[in-house]
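K.L.:
After the structure tokens below, expect a handful of questions from me.
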Amino acid sequence: MEKLVITGGQKLNGSLQISGAKNAALPLMCASLLTAEPLTLCNLPRLADISTLSDLLNHMGVGFAVAGGASGARMGRRKTLDGSDIVTTTAPYDMVRKMRASIIVLGPLVARFGHARVSLPGGCAIGNRPIDLHLKALEAIGATIDLNEGYVEATAKDGLTGGHYVFPFASVGATENAMMAATLAKGTSILENVAREPEIIDLAKCLNAMGAKISGAGTSTLTIQGVDHLKGTTHDVMPDRVEAISYAVAAMITGGEILLEGAKVEDMASALKALTEAGGEISTEEAGVRVIGPDVIKPINLVTMPYPGFPTDMQAQLMAMLTLADGTSIIEETIFENRYMHVPELIRMGADITIKGNSATIKGVSTLKAAPVMATDLRASMSLAIAALAAEGTSEINRLYHLDRGYERMEEKLQAVGAQIERVPA
């Protein structure tokens, strides 16, 4: 077990490289199940979730070749995934329980092999996230679904047929699952009210390079004309917009200035708008996005919504910043009902936050005080680190396994811009 030790009060200044996006890399890795040809992914982040999914895919028979970097990639590994020799279409409980995103192997497996048996998933405990939409969408394009002893069994003995499905609400994972499955269906699939996130666009770009026929990525309707087979390709994973905003908030709360190398302003417009409203200065440069923190943080109101609205994955980080705003802010969380578990830990550091239903009222205080705190989920762990960067004294953050799921070499990156942070044995 390890913990982070952070001494606050240092302005962060300099530049840091934004890693490849975890939320894009995971479905891209699953796309290797759709083809017998090698799929090479560049700018792949070094994260616990990437390792977890790699273990699952390797269990199924996907082979790997890894290199340290790649020409044209921003940073990180170049990994070639070879799905030519799949030995099982079962994803067992002891592997799937570690990460909810494992459920997105379901669509590719049933599409290519006509059968998949996948354990019901695990992941962060941030609320009820049923997989009903995944299953209903797959049924709509020709799969037969059964639930047996904690496993989802999907079959399509004669192949998926294609079909029409309207999502009752936009779901990123379900959109990815259905979109990948539909690429190998015999007919055309139309998916409506789909997720519109940049990660969906990135996946569609890769799939089309593999020979898929997908149109409408980034809009609310996807049209997928099924093809007989997909080929291999090489694809650069998009930069991680959640990581970028997290470090932007770190610059804001410390009154510093950071260049987010490789970040794309168009991927995070709603979050950057919120930072501007809070007093930050945002500018676009050839190398990335520059963020300059204000002398005084202004209070703002936020409502989490599906893309292009303000992302739930950035809510905890901005809440940490707003604890030091000059006034009262209100955040309404509409996506996950349990995504305020970081609040008691922020209160331990001196924050003034009141929760009522899905609404959080944050009354800005003049200072935060260092304290030992415990991470409850991935984004909550980053919010505590951000608060600690601005707090008086030295804080300790425990349960780093949450942080390691989504932030590559976080302490090294923050050290490079002036933070007093180190990882030590707990």
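No lab work stands behind these numbers, since they all come straight from the coordinates. In this text the structure is predicted, and so the values were computed from the model without any measurement. Glycine also receives a Cβ, built like all others from the backbone with ideal geometry; neighbour counts cover every protein chain displayed.
K.L.:
Sort Tyr401, Tyr151 by Cβ crowding within 10 Å, fewest neighbours at the top. Could the numbers behind the result be given before it?
P.N.:
Working: Tyr401 13, Tyr151 17.
Fewest-to-most Cβ neighbours within 10 Å comes out as Tyr401, Tyr151.
K.L.:
Further, regarding this structure: With everything on Cα atoms, drop me the angle between helix 378-390 and the longest principal axis of the chain, reported from 0 to 90° to the nearest 10.
P.N.:
Value to nearest ten degrees: 20.
K.L.:
Now, a different point. Please work out whether the chain counts as rounded, prolate or oblate from its C-alpha gyration tensor, where a ≥ b ≥ c are the square roots of the eigenvalues and a/c under 1.5 means rounded, while otherwise a/b larger than b/c means prolate and anything else oblate? Don't skip to the answer; put the middle values down first.
P.N.:
Working: a/c = 1.88, a/b = 1.75, b/c = 1.08.
Taking the square roots of the gyration eigenvalues as a ≥ b ≥ c, the chain is prolate.
K.L.:
Which distance in Å, rounded to a whole number, links the C-alpha centroids of the range 332-391 and the range 148-199?
P.N.:
Cα centres, the range 332-391 to the range 148-199: 36 Å.
K.L.:
Within the set of other residues whose C-beta is less than 11 Å from the C-beta of Leu135, count the net charge using Lys and Arg as +1 and Asp and Glu as -1.
P.N.:
Values: positive: Lys136; negative: Asp132, Glu139, Asp146, Glu153.
Net charge around Leu135: -3.
K.L.:
Find out how many positive minus negative residues lie around Val66, taking Lys and Arg as positive, Asp and Glu as negative, among other residues whose Cβ is under 11 Å from that of Val66.
P.N.:
+4
K.L.:
Here is a follow-up. Where does the chain land at 222 nm, in deg cm²/dmol rounded to the nearest 500, when only DSSP H runs of n ≥ 4 count, each adding -39500 (n - 2.57), divided by all residues?
P.N.:
-8500 deg cm²/dmol
K.L.:
Something else now. Give me the net charge for the shell around Thr175: Cβ to Cβ below 10 angstrom, other residues only, Lys and Arg +1, Asp and Glu -1.
P.N.:
-2
K.L.:
OK, next. Between Asp158, Asp55, Asp240, where does the largest GNM mean-square fluctuation fall for the chain, given springs only between Cα atoms within less than 10 Å?
P.N.:
Top of the fluctuation ranking is Asp158.
K.L.:
I would also like to ask the following. About its Cα centre, what dipole magnitude does the chain give when the only charges are +1 on Lys and Arg Cβ and -1 on Asp and Glu Cβ, stated in debye to the nearest 20?
P.N.:
220 debye
K.L.:
Let me ask something additional. Could you tell me what percent of the DSSP beta bridges with both partners in the range 22-236 are antiparallel, to the nearest 5? Show your work: numbers first, answer last.
P.N.:
Values: 27 of 37 bridges.
The antiparallel fraction comes to roughly 75 percent.
K.L.:
Based on the alpha-carbon gyration tensor of the range 125-231 and its eigenvalue square roots a ≥ b ≥ c, which shape applies: rounded if a/c is under 1.5, prolate if not and a/b is larger than b/c, or oblate?
P.N.:
The shape class here is oblate.
K.L.:
Only Lys, Arg, Asp and Glu count, each charged at its Cβ (+1, +1, -1, -1), so figure out the dipole size of the range 22-236 about its Cα centre, rounded to 20 debye.
P.N.:
In total the dipole reaches around 480 debye.
K.L.:
Another question, then. Given an 8 Å cut-off on Cα distances and at least 6 residues of separation, report the relative contact order of the range 22-236 as a percent. Before the final figure, lay out the partial values.
P.N.:
Details: 504 pairs, mean separation 44.1, N = 215.
Taking the mean separation of contacting Cα pairs over the length of the range 22-236, I get 20 percent.
K.L.:
Also, I was wondering about something else. Using +1 at the Cβ of each Lys and Arg and -1 at the Cβ of each Asp and Glu in the range 22-236, identify which of Thr234, Thr88, Thr221 lies farthest towards the dipole's positive end.
P.N.:
Checked the options; the winner is Thr234.
K.L.:
May I pose another question? First check a/c for the range 22-236, with a ≥ b ≥ c the square roots of the eigenvalues of its C-alpha gyration tensor; if it is under 1.5, answer rounded, and if not, answer prolate when a/b is larger than b/c or oblate otherwise.
P.N.:
Rounded shape, in that the Cα axes give a/c under 1.5.
K.L.:
Another question, then. My understanding is that a pair violates if its Cα-Cα distance is over 20 Å; which of Lys205/Lys231; Lys3/Lys363; Lys79/Lys186; Lys11/Lys298; Lys11/Lys273; Lys136/Lys186 do that in this structure?
P.N.:
Lys3/Lys363; Lys79/Lys186; Lys11/Lys273
K.L.:
Could I ask something else about it? Taking Cα pairs under 8 Å and at least six residues apart, what relative contact order does the chain come out at, in percent?
P.N.:
21 percent
K.L.:
Tell me, what is the percent relative contact order of the range 278-426, built from C-alpha pairs under 8 Å that lie six or more residues apart?
P.N.:
The value is 18 percent.
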